[in-house]
Each structure stands twice: as structure tokens, then as C-alpha cells.
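The values are calculated or read from the model by the stated rules, or taken from the named source; none is laboratory data. Note that this is a predicted model, so its numbers are computed, not measured. Ideal geometry is used to build each Cβ from the backbone, glycine not excepted, and the neighbour counts take in all protein chains shown.
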Amino acid sequence: MINRTKSPAVEQVFSKTVVELIAAKRDGHSLSPDEIETLIREFQQGGLADYQMTAFLMAVFFRGLSDDETAALTQSMLHSGSVLDLSSVPGIKVDKHSTGGVGDKVSLCLAPLVAACGVPVPMVSGRGLGHTGGTLDKLEAIPGFRTDLSVAKFAEIVRDVGVCMIGQTREIAPADKRIYALRDVTATVECIPLIVASILSKKLAEGIDALVLDVKVGRGAFMKDVDQARKLAHALVRVATQSGKRAVALLTDMNTPLGLAVGNSNETREAFEVLCGGGPADLIECTLALGAEMLMVGGKASSLEDARARLSLALKSGDAVRVMEKMVAAQGGDARVVAEPWRLELAPEVAVIEADRSGVVVDIDPLEIGLAAVAIGAGRTRADQAVDWGVGIELEKRVGDSVAPGEPLARLRGRDKAAGEAIAERVRRAIQIGKGPAHVGQLVIDRIEL
Ligand code: URA
């Protein structure tokens, strides 16, 4: 078969046409790194149409990719744009990536905390999409805070402060952006090698030396099933290692929201409470578990116990708060909000969800809570939508807590009381009261390292 979109120059260099490469994958054959590179380059240069890329993605969905092929796809997507050069920043640069969950504001307390312990953290974050929130939206709840810095400014802040948190620029892995948009509308998102190449192509473009991955698993996560999440975590660690980076993954529970706040300003407040020495126990534990791994791969601790002790000291001494204040100021924001989180604006309370009987909270469905937060305006269902930073949900009870009739279970913040009442019903249905005892799962389910 002849590929009519292919340029003669490419025909001379590579023996197979792009159509033959798609057919090879369709028939279950392996592709060489050069062949994968050709597909991505042709896609970027217009020699491979969207419908051909979609056919290739569907072939991968059914036939899979080996680690070598996944590593080659990662490298090709990574080099479709610029790779940041942070060689001017001394030290082992480490970032964390979470596959996303409800109430997951860990990056906001983790990044400055780890930087306060001497590990430089260059962090390029994303926005919320669907029922899971995004770090950028939570950061932008800080008055004046800018996430659209130039690469030079980003490197300067990482060097001077130890941490900088920005959004994905147009130069970072542009092939992933186009491929992800196609996957989103062609039922090819749920495919481990494609997820691995997508995540790692963006993370490796940050100029990091090591990566800690938080693979969330459960009803509120992208991966609902532990075996699938474990497979994803293993593949991420293997391919990151093959790409020359140290990598560790934790599998963490997302069968209930993380922390009590779900929204943007309220989540930023909660993350800053952790930095100030408070905050909910599960959020603190998730932060310390990931932080300890970052200190280990960053060469700043001799064991996980030593790392935890250093992190706790940085919280107690106020060092972590000071680093975050410096970062917020360097990025144009009002640094007072870090030590005084109440300064972050919240929308008025429009509904209180109360217990209708006595008992024990046996379940809080994170997916339903996440969707209710989107419905009130804290999230988006399309990438171009704006979010309202002040709205959201604040849980008053956790799984395992006893409740009496009339006690508040959650509060809803919004701009419209009538809309709030309808959404409150959804929150009420997400919180189950039973006789108990409640099953409270382990937060860290597994740890994956090569
Ligand atoms: N997150 C990404 O960045 N890419 C995927 O494919 C899935 C989740």
C-alpha cells in the first residue's frame, strides 16, 4: 500500500512507509526506535495525518508496546519540543508527578518542603480536567501569582529559591499535546504504554535528574484497579530508568478524597496549613511519604527514616514556610497567604450537608465529591473553561468518624444558593453513614523501584 501523504525524501531514507509502520503495529510486530521517531516526526511535520495517527494509537491500544518501543516513543515525543537545561542549577533536580485524584493538593506543600531540605524542585504542573483538580488552578488562587514564566526565569527561581512551579509551555512535548487530544476522543486514553510516554515526555522535558511518581488508585483515580495501577507504576519506573533518570513510584489510595478540602482556594489553604505544622493526617502522611522518596533520590538523606526526620524538622523550624514565601514572592504572588492562609478568598457558604441519623461515616465517594466540585464551578469539563477559585466543598467528617443527627458532614461554597442546594444533594449521596466499623484502607499501598 502506498502512503500518499509521504514526502519522497522520507521514502528514500526509511524503507517502510508510514502506512506500512501502522500495519506492522496492527499485526503485532515491534517497531524500531527509528521507525517510531519517523511516525512522530512525520506527524509533527504534516506527513502523517490525524486519522493515521489515530489508527496507529488504536493499533498500540490492542497490540501494546515493549519497554524499548515505549522508551523510543517517550524520547520522540520529548524531542518534539524543547528540553529545559537546568545544568546551571547545582544539585540533583527532582520532581514529583501524580496521576491525579480528588483533594490532591500534595504538590503545594511537598515542593517547598523538599526544597527546604536542599533538593532543587523544578515543577511543571497541569490544570484540572474532569473530576480531578490541577496544581496550576490551586496556585493561581494566590493573588498575583504567575505560572506562565519564561524558561530563563524558571531556571533562575529554581537556582535562587530551590523551587519553582509553572505551567506547561507550548514548547514542552507539543506532540504529546496533539496526540493526547486525539486519544481523548478516540477511546485510546486507557493504554499503559501511551500513558507512560505521555507523562514521561512532559516530565523529562523539565530538565530533572530524578522523578518520584504518585500513582493513585481507586474510585477517584484514573486507575480504578490495583493490578492495573501497579502495572502502570512498574512501566513508568522502568521507562524513566531506561531514559537515564532515577525513578520511584508509590501506589496511593484514592478511594476517599485526600484531606478535607476539595476546590482551589480551600485546597491551597489546606496545603499551607500543612506547611505551617497543621493539616489533616492523610495529607501530611502522603506529603511525608513522597517527600522522603524525593530526599532519597536527591541524595539528601541516608534512609527513608532519616528523610522523614529532616522533613519534619523543616516543617517545625518554619524553613518550609519561608521557602514557599520566597517562591510565591518570586512568582509575583502575595507571600503573606502562606503563613496566613485565611487571606485566600473563599466563596460564601451556600449549603451545609448534615447527618440524617447517628452512626459512623463508612464511605465518602471521591468521584462523586469531585464531580460535585466541578458542578459548583471548581473544575472544568473542557480544557478552555475558567474555574472559580473560591468555590468548593469542605468535608467536616472523615471515613471512620462517628456522627450524631444534625451534625455537619460537609459544607458547600458557591455563588448561587439554588444551584448549591441541588449539588448538595449529590454530596449528601456521596457520604454514607452506617453502623460501622468503617474500613479505612492503607494510604501507601505499594512502593515500586527497580
Ligand atoms: N496524564 C497524562 O499526562 N497523559 C496520559 O496519557 C494520562 C494521564
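Within segment 158-173, if we keep just the residues that are within 18 Å of ASP85 (Cβ to Cβ) and part of a helix (DSSP H, G or I), the residue that is nearest to the ligand (Cβ to nearest atom) turns out to be VAL158.
In this entry, PHE56 passes the filter for residues that are surrounded by 20 or more Cβ atoms within 10 Å (Cβ to Cβ), more than 20 Å from the chain's Cα centre (by Cα) and aromatic (Phe, Trp, Tyr). Taking the numbered list (1) within 13 Å of the ligand (Cβ to nearest atom); (2) surrounded by fewer than 20 Cβ atoms within 10 Å (Cβ to Cβ) in turn, ILE179 passes all entries but (2). HIS79 passes every criterion in (1) surrounded by fewer than 22 Cβ atoms within 10 Å (Cβ to Cβ); (2) modelled with pLDDT under 95 apart from (2).
What strands (runs of 3 or more DSSP E) completely inside segment 367-450 contain at least 1 residues that are at negative phi and in contact with an Asp or Glu (Cβ under 7 Å, 6 or more places away or on another chain)? Passing ranges, in order: 408-413, 431-434, 444-449.
Return yes or no: is ARG159 touching a residue at least 12 places away in the same chain (Cβ under 8 Å), out of contact with any Gly (no Cβ under 6 Å at 6 or more places or on another chain), in the same structural domain as ALA249 (by TED's automatic domain parsing) and under 27 Å from LEU39 (Cα atoms)? No; evaluated as a whole, the condition is false for this residue.
In segment 132-149 there is at least one residue that is within 18 Å of the chain's Cα centre (by Cα), closer than 23 Å to ARG343 by Cβ and at pLDDT below 90.
Scanning segment 326-340 for residues that are surrounded by fewer than 21 Cβ atoms within 10 Å (Cβ to Cβ) and part of a helix (DSSP H, G or I) gives LYS326, ALA329, ALA330, ARG336, ALA339. Screening TYR180 on (1) out of contact with any Gly (no Cβ under 7 Å at 6 or more places or on another chain); (2) aromatic (Phe, Trp, Tyr); (3) over 30 Å from ILE22 (Cα atoms) shows it passes everything except condition (3). Could you say whether any residue in segment 95-117 is within 16 Å of the ligand (Cβ to nearest atom), at positive phi and within 23 Å of the chain's Cα centre (by Cα)? Checking segment 95-117: at least one residue is within 16 Å of the ligand (Cβ to nearest atom), at positive phi and within 23 Å of the chain's Cα centre (by Cα).
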